[in-house]
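A.B. asks: Following this message is one structure expressed as structure tokens.
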Amino acid sequence: QALLVERGGGTVQAGGSLRLSCFAGSSIADFDAMGWYRQAPGKQRELVATNTRAGSTNYADSVKGRFTVSRGNARNTVSLQMDSLKPEDTAVYYCYARWYDNEYWGQGTQVTVSP
């Protein structure tokens with residue numbers, strides 16, 4: 001079991017920055033992968049960025065060059081630095097963790113980007 005808790009959502013103007021962080025309370029010392037998904041109103045949940053145990057990263061095309069995902073030294077934390085934010089980035093952002101075939105999700109944090 002794992003409890004994922006996100007921090008850092010809020011409202012920002014277009015062009016601004018926000019940083020999201022997530023802590024996984026769990027006996028799992030090192031998840032296979034951690035990252036972020038998002039869901040905008042009326043749309044399906046989509047991948048934003050993930051970071052694997054080996055250190056490889058994967059980004060949605062829409063955020064490449066603007067967002068950076070990173071794992072903490074403790075290996076049970078993950079952050080998302082979001083720069084040059086656009087109104088289309090507005091969504092609920094969910095922390096994600098995977099360990100073998102088990103997937104864990106945070107409760108979500110709202111990010112709103114005003115024009």
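The values are calculated or read from the model by the stated rules, or taken from the named source; none is laboratory data. Every value quoted in this text rests on a predicted model; they were computed, and no experiment measured them. Cβ sites come from the backbone with ideal geometry, for glycine too, and all protein chains shown count toward neighbours. For accessibility, only protein heavy atoms count, side chains too; no ligands or nucleic acids. Shrake-Rupley method; radii C 1.70, N 1.55, O 1.52, S 1.80 Å.
A.B. asks: Consider only pairs whose beta carbons are under 9 Å apart and that are at least six residues apart or on different chains; among these, list those whose first residue lies in the stretch 63-81 and is under 15 Å from VAL48 (Cα atoms) and without any contact (Cβ under 8 Å) to a residue 24 or more places away in the chain and whose second residue is open to solvent by 30 Å² or more (accessible area, probe 1.4 Å) and among the basic types (Lys, Arg).
C.D. replies: Correct list of pairs: ARG66/LYS86.
A.B. asks: Being of a type in the set (D, E, K, R), part of a loop (DSSP other than H, G, I, E, B) and open to solvent by 40 Å² or more (accessible area, probe 1.4 Å) is the filter; apply it to the stretch 46-97 and report the residue that is nearest to GLY25 (Cα to Cα). Show your work before the answer.
C.D. replies: From the stretch 46-97, those of a type in the set (D, E, K, R) are 46, 53, 61, 64, 66, 71, 75, 83, 86, 88-89; that's our starting set.
Narrowing further to those that are part of a loop (DSSP other than H, G, I, E, B): 53, 61, 64, 66, 75, 83, 86.
In the following step, the residues that additionally are open to solvent by 40 Å² or more (accessible area, probe 1.4 Å) were identified as 53, 61, 64, 75, 83, 86.
On the way: ARG53: 17, ASP61: 30, LYS64: 29, ARG75: 11, ASP83: 27, LYS86: 31 Å.
Among them, the one singled out is ARG75.
A.B. asks: Further question on the same structure: Determine which single condition GLY10 fails, assuming it passes every other condition in (1) surrounded by 15 or more Cβ atoms within 10 Å (Cβ to Cβ); (2) touching a residue at least 60 places away in the same chain (Cβ under 8 Å).
C.D. replies: Only one criterion is unmet by GLY10, namely (1).
A.B. asks: Name the single residue that is modelled with the lowest pLDDT among those in the stretch 5-45 being of a type in the set (Phe, Trp, Tyr) and part of a strand (DSSP E or B).
C.D. replies: If we filter the stretch 5-45 for residues that are of a type in the set (Phe, Trp, Tyr), which is where we start, we get 23, 31, 36-37.
Narrowing further to those that are part of a strand (DSSP E or B): 23, 36-37.
On the way: PHE23: 93, TRP36: 98, TYR37: 98.
The qualifying residue modelled with the lowest pLDDT is PHE23.
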